1. Please give the number of the condition residue 97 fails out of (1) in contact with a Pro (Cβ under 8 Å, 6 or more places away or on another chain); (2) without any contact (Cβ under 8 Å) to a residue 60 or more places away in the chain.
2. Identify, from the list 223, 259, the residue that is closer than 22 Å to residue 48 by Cα and polar (S, T, N, Q).
3. Scan region 170-211 residue by residue and report those that are surrounded by 15 or more Cβ atoms within 10 Å (Cβ to Cβ), outside any strand (DSSP E or B) and among the charged types (D, E, K, R).
4. If we scan region 235-245, do we find a residue that is farther than 24 Å from residue 30 by Cβ, surrounded by fewer than 21 Cβ atoms within 10 Å (Cβ to Cβ) and of a type outside the set (A, V, I, L, M)?
5. If the Cβ limit is 6 Å and pairs must be 6+ apart or interchain, which residue in region 222-247 that is farther than 18 Å from residue 5 by Cα pairs with which residue that is outside any loop (DSSP other than H, G, I, E, B) and of a type in the set (Phe, Trp, Tyr)?
6. What is the number of the single condition among (1) farther than 17 Å from residue 74 by Cβ; (2) more than 16 Å from the chain's Cα centre (by Cα); (3) among the β-branched types (Val, Ile, Thr) that residue 178 does not meet?
7. When you scan region 7-28, how many residues do you find that are touching a His at 6+ places or on another chain (Cβ under 7 Å) and not in a loop (DSSP other than H, G, I, E, B)?
8. Please go through region 1-28 and pick out each residue that is crowded, with 17+ Cβ neighbours inside 10 Å and aromatic (Phe, Trp, Tyr).
Amino acid sequence: MSTMKKHYTLSNGVEIPSIGFGTWQVQEGRETFDVVTYALEAGYRHIDTAQGYGNEEGVGKAVKQSGLKRGDLFITSKLVNRVRGYEETRRAIEESLEKLGTDYMDLFLVHWPVPAGFAATWQTSNADSWRAMEEAHEEGKIRALGISNFRKKHIDELLKTAKVVPVVNQIRLCPGDVLQETVDYSRKQGMLLQAYSPLGTGKLFDVPEILDIAKRNKRTPAQVALRWSLQMGFNPLPKSITPERIRENLQVYDFELTQGDMDQINALDGVMGKSTDPDHITW
């Protein structure tokens, strides 16, 4: 029987469920409402959305309809790439709160370090946005601040002016795609690594090594990948729109991968593709 904890404690003392429900590419409207409702009914208490996903309103409606106490939920959103600057970020935070139908967000992230529209000014633009986020944090509108897709040089620039150190770095992390330098440096700064696309956007379901490990453990390939993520100390954010898979993806606390299983998974390289260079994007 596994002793894996179902929560992590962030460096600022805030507790976060060790598995979250991701909503990237979930369509706003009925689809978002339905899948988030399924997730909450299955037992998820950590919902990850973003301004750029365009589905905050659907997340908020599902949360309200669930009847769950706000204090029992952990809600994350992220600053959209088209917004940088102090005043602009203040407004964007208020818009997220309104769409989500809540007085506060548990975690708010800078979604991308070098948006295409701010490539020449990303250092100062991020600093100005971070200052607005720090003020919202002081006001109780955000319980924890974090970053997403940041690598060492981006973290170093932010820390030159930040008064509040990020407690999370959300990056792509899945078997075969681990940016070890970023993981190590983020942890050195006290950040929890959140794993988006922890299932390799579905590509791992065709990886022979994953299929073999799943068969040996009598688990699904997705459960193997998520269990690997937890044993690596990551905070995976799986996404699905299928109720059965939504439930299955949360059923990973009652088994453990052996060291041999972990070594076999850690030996994978590039089978799910590689992370996008944050300095070269078009959005």
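1. (1) is the only condition that residue 97 fails.
2. 223
3. Within region 170-211, 203, 209 qualify.
4. No: zero hits.
5. 243/38; 246/38
6. Status for residue 178: all satisfied but (2).
7. Total satisfying the criteria: 4.
8. 8, 21
Here, each number is a calculation from the coordinates, and none is a lab measurement. Since we're looking at a predicted model, the values are computed, not measured. Positions of Cβ are backbone-derived with ideal geometry, glycine not excepted, and every protein chain shown enters the neighbour counts.
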